[in-house]
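Notes to accompany the following structure.
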Amino acid sequence: MKLVLFSDLHLDSAFTWVGSGNGASRRRRRALRHTLTQILDLAIAQQADAVLCAGDLYEHDRFSPDTEEFLRASFESIHPIRVFIAPGNHDWCGPGSIYKSVQWSPNVHVYDTDRLSPLALDDGITLWGAAHVAPAGTRGFLEGFKVDRSGVNLALFHGSEVSALPEQGANKQPHAPFRVRDIEQSGLEHCFVGHYHHPYDGQWHTYPGNPEPLSFGEEGERGAVIFTIMPDGERREERRSVAATEAHDLTVDVTGCTNRTEVFDRVQSKICGLNGIARVTLNGEISEQVDLDMAEFEDIRSGLDSLAVRTGDLRAPYDFDAIAAEPTVRGQFVKDVLASNLPPDVRRQVLMMGLRALDGRNDLEVP
């Protein structure tokens, strides 16, 4: 028995962070569709018995009729490979959802209740699944649940593991919370879970992670998971990258640059040949006269869908002692700050922020 698992694709995401007017958000949404196609192609190539989606397939508040047809036709195209979907909090199964409006092909099954219900994958193998039927407030699917049959029992749902993965839950609202011990006590062999975008492979549960980049700073080998159950009951997992594009988090040292063209050249050299999306952080000591307009970096985007540039540890070479000797407002400001009892790092930040404000600059952030 071979299964292909994915979750958290988030079709029709707004991607407001890439800006407006340059088509970047549209390109990101097209990439999400391409990624789903690659997941289904992987299932065909692997001769999988089923594709499992652990929720957040699309954005309930943003989908269009075109998205409905895209999903219907995509899943029908891999018939007779079965498709099992456990809706999450972003694609919750309720009035007006795609799951209620589409006439799915016979190979598609959508779990539509907030209690785990069983379906046979094969002789002796059962897949239990459940759905979020509201955008929030879903209780844990494993609360009070006990397997009532023999064989291999697996589960598919969208939820927050709140004991073994605290670092993931720190920035995520707990939807359908559960603990690892709940899986052990339920009689389930393994759970396929969505919600956390960071991939995780554990003895009792698997988070595939979002297969296509949704933002910067995402780490880990995310993608689709090929889950194989051998005839002797042994389980094997293999991750495959299915992303249509990449997300690059880069740093560029602009020390010594005396004008914006030199800064642009260094950034362009760093992003040359890349595709997908890129975020560049500018570091280093830069001349005071350099006037950076962050919007202009879009002009050197080249083959990238989107380019975001920000400042990190970017410093102007102010001579604080010389400025303190000036008979000016900024001289008095520097003199007062240097005489303060602030810690050295805080003192430097206050000086940099104040001098830039007095210079009327807003292009350099305080690190």
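Taken together, the values in this text are just the output of simple stated rules run on the coordinates, not laboratory data. Not measured: the values here are computed from a predicted model. Neighbour counts are summed over all protein chains in view; Cβ atoms, including those assigned to glycine, are modelled from backbone coordinates with ideal geometry.
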Spatial separation of Cα centroids for segment 264-301 and segment 58-112, in angstrom: 41 Å
Table column - 3J(HN,Hα) (Hz), segment 29-34, Karplus curve with 6.51, -1.76, 1.60, x for Gly and Pro: 5, 5, 4, 4, 5, 4
Normalised contact order of segment 2-240, rounded percent, pairs of Cα under 8 Å and 6 or more residues apart: 20 percent
Selected from Ala155, Ala131, Ala295 as most flexible by GNM, with the chain as the system and alpha-carbon contacts under 10 Å: Ala295
Linear extension gain, Glu246 paired with Leu342, 0.36 nm per residue minus alpha-carbon span: 30.3 nm
Dipole axis of the chain (+1 Lys, Arg; -1 Asp, Glu on Cβ), positive-most option in Ile271, Ser241, Thr228: Thr228
Fraction of beta bridges assigned by DSSP in the chain that are antiparallel (%, nearest 5): 30 percent
Placed amide H near Cys93: partners under 5 Å, 5+ positions off or other chain: His132, Val133, Ala134
Packing-based order for 198-204, 31-37, using average beta carbon neighbours within 10 Å, highest first: 31-37, 198-204
Those GluC sites (Glu not before Pro) in segment 277-318 that DSSP places in a loop and that have at most 14 other beta carbons within 10 Å: Glu288
Amide hydrogen neighbours beyond the local backbone of Arg315, cut-off 5 Å, H modeled: Gly284, Glu285, Ile286
Test item: Cα-centred dipole of segment 53-103, Lys/Arg +1 and Asp/Glu -1 on Cβ, debye: 200 debye
Cα-centre dipole for segment 2-240 with unit charges at Cβ (Lys and Arg positive, Asp and Glu negative), debye to 20: 440 debye
Among (i) 30, 54, 15, 1; (ii) 26, 43, 24, 7, 0; (iii) 31, 61, 9, the entry derived from the coordinates for P(r) over Cα pairs in 20 Å bins from 0, in percent: (ii)
Backbone HN-Hα couplings from phi across segment 327-343 [Karplus 6.51/-1.76/1.60, Hz, Gly and Pro as x]: x, 10, 4, 5, x, 5, 4, 5, 4, 5, 5, 5, 8, 6, 9, 5, x
Potential lengthening between Ser215 and Arg149 on full extension [0.36 nm per residue; Cα-Cα distance subtracted]: 19.6 nm
Highest to lowest packing among 83-94, 223-234, scored as the average C-beta count within 10 Å: 83-94, 223-234
J(HN,Hα) series, segment 142-149, from Karplus relation 6.51 cos²θ - 1.76 cosθ + 1.60, nearest Hz, glycine and proline x: 8, 5, x, 8, 9, 5, 10, 8
Farthest toward positive dipole pole in the chain [+1 Lys/Arg, -1 Asp/Glu at C-beta], among Ala136, Gly303, Ser163: Ala136
Segment 266-367, dipole about Cα centre (Lys/Arg Cβ +1, Asp/Glu Cβ -1), debye to the nearest 20: 280 debye
Leading residue at positive end of dipole, the chain (Cβ point charges), from Pro177, Tyr99, Ile39: Tyr99
Under-5 Å amide H pairs with His175, H placed in peptide plane, nonlocal only: Ser160
Pairwise FRET efficiency - Ala316 versus Gln185, Cβ, R0 = 56 Å, nearest 0.05: 0.40
Helix 65-76 vs. the chain, principal-axis angle (Cα, 0 to 90°, nearest 10): 50 degrees
Whether segment 247-358 is rounded, prolate or oblate, judged on the alpha carbon gyration tensor where a/c under 1.5 counts as rounded: prolate
Helical contribution to [θ] at 222 nm, DSSP H n ≥ 4, -39,500 (n - 2.57), averaged over the chain, rounded to 500: -7500 deg cm²/dmol
FRET efficiency, 1/(1 + (r/R0)^6) with R0 45 Å, evaluated for Glu296 and Ser163 via beta carbons: 0.40
Cα→Cβ-extended label distance, 7 Å offset, between Thr228 and Arg30, nm: 3.6 nm
